[in-house]
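Here the structure comes first, spelled out in structure tokens, and everything after it is commentary.
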2 protein chains.
Amino acid sequence: MNSTGAEICEELPHAETRDILLPNQVDYASQIAVDIGGTLAKVVYFSREPNLSKGGRLNFTKFETEKIDECIDFIKTLLAARRPGNQEIQEKVVIKATGGGSYKFYDIFVEKLGDVKIEKEDEMDCLITGLNFLIAEIPYEVFTCSDSDPMHFEDTPSSNMFPYMLVNIGSGVSVLKVTSHDKYERISGTSLGGGTLWGLLTLLTGATSFDEMLETSKYGDNTNVDMLVGDIYGSDYGKIGLKSSTIASSMGKVFKKNIRQEVGKFRNEDISKSLLYMISNNVGQIAYLNAQVHGLKKIYFGGCFIRGHLTTMNTLSYAIHFWSKGTMKALFLRHEGYLGSVGAFLKHNETRQRTYSFSEISSFTQPIITEESIKSF
Amino acid sequence: MNSTGAEICEELPHAETRDILLPNQVDYASQIAVDIGGTLAKVVYFSREPNLSKGGRLNFTKFETEKIDECIDFIKTLLAARRPGNQEIQEKVVIKATGGGSYKFYDIFVEKLGDVKIEKEDEMDCLITGLNFLIAEIPYEVFTCSDSDPMHFEDTPSSNMFPYMLVNIGSGVSVLKVTSHDKYERISGTSLGGGTLWGLLTLLTGATSFDEMLETSKYGDNTNVDMLVGDIYGSDYGKIGLKSSTIASSMGKVFKKNIRQEVGKFRNEDISKSLLYMISNNVGQIAYLNAQVHGLKKIYFGGCFIRGHLTTMNTLSYAIHFWSKGTMKALFLRHEGYLGSVGAFLKHNETRQRTYSFSEISSFTQPIITEESIKSF
């Protein structure tokens with residue numbers, strides 16, 4: 001893959017995740033990558049531009065792991081589109097598969113895709129390979145998030161890229177310490193991840209999709225279900241610096257209201273916001289504590305849990321800022337859910353020359369980001 | 001309070017929490033202590049034995065904070081029982097109140113108890129005062145918990161009592177670092193505590209009491225709702241040491257089963273066990289990480305969340321053992337819910353002489369603990 005001059009496509013997106021333009025990659029790619037997690041299967045593939053002089057682009061799409069057949073059918077379609085006697089395609093196509101599902105569903109892939117070669121790649125390896133590529137080679141990929149500035153882009157790093165921490169939030173959460181391009185360690189994790197939030201909200205609110213749950217949470221007031229310091233003290237607990245508005249116990253008002261026979265009065269919106277805060281705050285805290293133990297200052301948050309959702313990113317940012325007293329930084333990515341599949345895609349040419357051509361890419365114009373457009377980056 | 005010769009009453013308990021016998025305390029105590037948390041108000045008071053030569057005992061009882069009137073009525077009964085012209089009672093009775101509710105309900109206490117003096121004490125101060133007393137002066141109070149040995153008593157410490165960490169799990173969780181009898185710091189906390197578990201289970205299972213929830217969880221199989229590493233990989237993820245049986249995502253199977261329209265098939269028992277594991281594991285992990293940051297090896301778990309429940313203690317113990325690779329120790333207390341109220345009780349005589357009479361108390365026989373009797377310690 002020639003990533004010289006790579007940039008994120010800022011036109012109105014045709015997909016949930018914006019394409020990455022690769023103007024200098026004119027050859028077909030012989031690989032299609034898929035990262036099959038506990039809940040979602042993420043696919044990355046390359047397509048050439050109609051006008052060949054414009055190179056091609058990386059495309060991103062995902063499927064529910066429960067419906068893995070849909071994912072396989074999609075890959076079949078991609079394969080079929082390339083096959084009809086096209087003489088340019090010399091190399092045989094390879095499916096680069098990673099994530100737990102690359103083991104679990106290997107036999108099904110083999111059976112359904114016929115003579116296509118399937119190569120499994122280690123999940124953590126792929127996460128780091130993908131993340132390093134996005135950080136170093138894609139401008140306007142990495143950003144910080146705050147109330148006042150929801151998408152503040154970071155400069156692409158030149159020499160001080162490492163060490164950093166990756167907190168990958170999928171169904172569960174993995175925490176990795178990364179000290180160089182190929183040196184990393186899984187230092188921690190937690191089972192309280194996206195799967196927990198989606199699972200609890202499925203049961204509690206009857207919502208059936210991630211987007212519905214996130215949308216519902218927007219209109220919620222968590223203080224109707226969360227017990228605040230003020231609910232216990234009637235005021236701040238000043239001596240130890242706990243504000244009246246601090247959440248003392250997530251969902252802590254429910255049992256009390258139950259005693260008063262007020263159950264049934266809880267709004268789905270309030271429950272959704274409370275649990276979104278709960279999971280995000282907790283991941284943020286575990287991230288902070290691990291960063292403290294390992295002396296890391298930069299924390300990248302990846303994984304499909306985030307989905308470019310402002311409240312989620314703000315909560316993670318706030319947690320890191322709060323606990324670290326501003327000494328650590330929460331960093332986000334516009335392709336946060338595709339670290340593993342981008343990594344698997346790149347693994348096909350491990351020997352490819354890295355092109356950290358910062359001078360070439362720094363001349364791109366910064367995209368104009370509004371709060372509205374964040375949802376569809 | 002003369003705690004020389006103090007011991008836990010091992011007779012069949014008349015209350016949920018066993019009394020502490022104080023054979024050398026023959027005078028009436030002039031104080032009654034109450035620790036009013038977000039969910040529960042815990043009361044400690046002294047009563048003399050019918051046979052005065054046997055001294056007296058500390059009694060422990062609790063009320064739901066939502067029903068604070070019941071708590072006040074109980075204190076009134078205690079006061080009334082002491083008043084009828086008893087010439088021995090010289091000192092005026094004092095209510096030592098701590099916890100957030102001592103601020104929030106102060107006016108109600110004043111109004112309802114009339115001319116009784118009410119003194120507020122800081123919550124964290126009381127926790128530590130109470131814990132230090134229990135650790136140092138009450139034999140067979142502190143124990144470790146494992147599958148094979150659910151109640152293994154610790155020796156009362158002589159000189160190496162500090163430093164330690166206290167993780168107090170009430171509605172929310174406070175984490176304190178304690179370096180001497182009167183030196184401590186609240187270093188962390190989490191909003192995922194008892195209130196979260198009780199609140200979620202109230203909504204999800206319709207259970208109405210803590211005991212019902214804990215009882216239900218006993219018969220559950222969390223793997224019906226939790227997503228395990230094996231569910232994602234089909235096997236272990238050996239490279240990074242994750243076993244197939246490790247929980248990858250708490251409640252992570254629910255959303256998937258929802259896609260397969262299998263919602264409604266989730267058993268209350270399974271959900272209860274999953275969430276009990278989720279909260280306990282998470283508290284254990286946050287405790288471990290904080291202990292690591294602060295170089296602490298001994299971790300005491302207190303608070304009404306634990307309730308002497310074997311699965312809860314085993315999960316906390318397992319989490320500490322797992323994360324610390326056996327280098328840290330989870331310690332439990334038979335009066336775990338009353339640290340704050342014991343502390344408030346003792347605050348009345350801050351100048352009392354501490355009596356670390358280890359030689360005197362070490363001659364007591366170790367109580368015989370069976371799995372059955374743990375519930376009622």
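Any read-out appearing in this document is the output of simple, stated calculations on the displayed coordinates, not a laboratory observation. Computed from a predicted model, the values in this text were never measured in an experiment. Virtual Cβ from ideal backbone geometry, glycine too; neighbours counted across all protein chains shown.
Miscellaneous remarks
- Counting only aspartates and glutamates at least 8 places from B:K273 when in the same chain, those with an alpha carbon closer than 14 Å to its own are B:D211, B:E212, B:E215, B:D221, B:D226.
- As a proxy for reagent exposure, A:T202, B:T246 were ordered by neighbouring Cβ count within 10 angstrom, fewest first; the result is B:T246, A:T202.
- Shown for region A:131-251 is the translational diffusion coefficient from the Stokes-Einstein equation, using the Kirkwood radius over Cα pairs, a temperature of 10 °C and a viscosity of 1.306 mPa s: 88 µm²/s.
- Taking the axis that rotates chain A onto chain B, the chain A residue nearest to it by Cβ, with the distance rounded to whole Å, is A:L289, 2.
- Using a Förster distance of 56 Å, the FRET efficiency for A:F322-B:T77 (Cβ separation, nearest 0.05): 0.80
- Estimated Rh, region A:1-119: Kirkwood, alpha-carbon pairs, angstrom: 15.1 Å
- Inter-chain shielding of A:201-210 (mean C-beta neighbours from other protein chains, 10 Å cut-off): 4
- Size descriptors for the protein assembly as shown: radius of gyration and Dmax over Cα atoms are 29.2, 109 Å.
- Compactness of chain B - radius of gyration and Dmax, Cα, Å: 21.9, 76
- What the Cα convex hull of region A:2-66 gives, in volume per residue, is 95 Å³.
- Only Cα pairs under 8 Å and 6+ residues apart enter the sum, and on that basis the relative contact order of chain A stands at 21 percent.
- Fewest-first ordering of A:V43, B:V110 by other beta carbons within 10 Å of each residue's beta carbon gives B:V110, A:V43.
- Angle of helix B:68-82 to the longest C-alpha principal axis of chain B, folded into 0 to 90 degrees and rounded to 10: 30°.
- Degrees, to the nearest 10: B:268-294 long Cα axis against longest axis of chain B: 70 degrees
- Peptide B:229-237 shows a mean partner chain C-beta count of 6 within 10 Å per residue C-beta.
- Nonlocal amide H pairs with A:G302, under 5 Å, H built at 1.01 Å: A:V167, A:N168, A:I169
- Put simply, the amide H of A:D236, placed in the peptide plane, has neighbours under 5 Å in A:S244, leaving out anything fewer than 5 places away on its chain.
- Beta bridge orientation in chain B: antiparallel %, DSSP, nearest 5: 70 percent
- Label distances, nm, B:E111 versus same residue in remaining copies, Cβ-directed 7 Å point: 7.1
- Chain A: angle of helix A:310-324 to the longest principal axis, Cα-based, in degrees nearest 10: 70 degrees
- Sites A:K218 and B:V293, calculated FRET efficiency, Cβ-Cβ separation with R0 35 Å, nearest 0.05: 0.50
- If you take the Cα centroid of region B:283-320 and the Cα centroid of region A:178-195, the two points sit 23 Å apart.
- Take every DSSP beta bridge whose two residues both sit in the protein assembly as shown; close to 70 percent of them are antiparallel.
- Base-10 log of normalised Debye intensity for region A:140-207 (one unit scatterer per alpha-carbon) at q = 0.27 Å⁻¹: -1.06
- Distance between the 7 Å Cα→Cβ label points at B:E111 and A:N51: 7.8 nm.
- Cα-based convex hull volume of region B:220-306 per residue, rounded to whole Å³: 119 Å³
- Above-threshold pairs, the threshold being 19 Å between Cα atoms, out of A:K183/A:K325; B:K67/B:K104; A:K120/B:K253: A:K183/A:K325; A:K120/B:K253
- Shortest-first nm distances, A:H152 label point to equivalent points in other copies (7 Å, Cα→Cβ): 5.1
- Its convex hull of Cα atoms gives region B:77-207 a direction-averaged projected area, equal to a quarter of the hull surface, of 12.8 nm².
- Residues whose amide H lies under 5 Å from that of A:A41, counting only those 5 or more places away or on a different chain, are A:F63, A:E64, A:T65; hydrogens are built 1.01 Å from N in the peptide plane.
- Listed from fewest to most Cβ neighbours within 10 Å, the set A:F322, B:F74 follows the order A:F322, B:F74.
- Spin-label zone in region A:212-240 - amide nitrogen under 17 Å from a point set 7 Å from the Cα of B:K120 along the C-beta vector: A:229-240
- Remark: the A:N349-A:S180 segment gains 58.9 nm on full extension, using 0.36 nm per residue and subtracting the alpha carbon distance.
- Taking the centroid of alpha carbons for each part, region B:6-82 and region B:209-239 are 39 Å apart.
- Think of it as helices only: each DSSP H run of n ≥ 4 in the protein assembly as shown is worth -39500 (n - 2.57), and spread over all residues that comes to -10500 deg cm²/dmol at 222 nm.
- Residue-averaged beta-carbon neighbours from other chains (10 angstrom radius) around A:183-193: 5
- In nm, spacing of pseudo-spin labels at A:L12 and A:Y28 (7 Å Cα→C-beta vector): 3.2 nm
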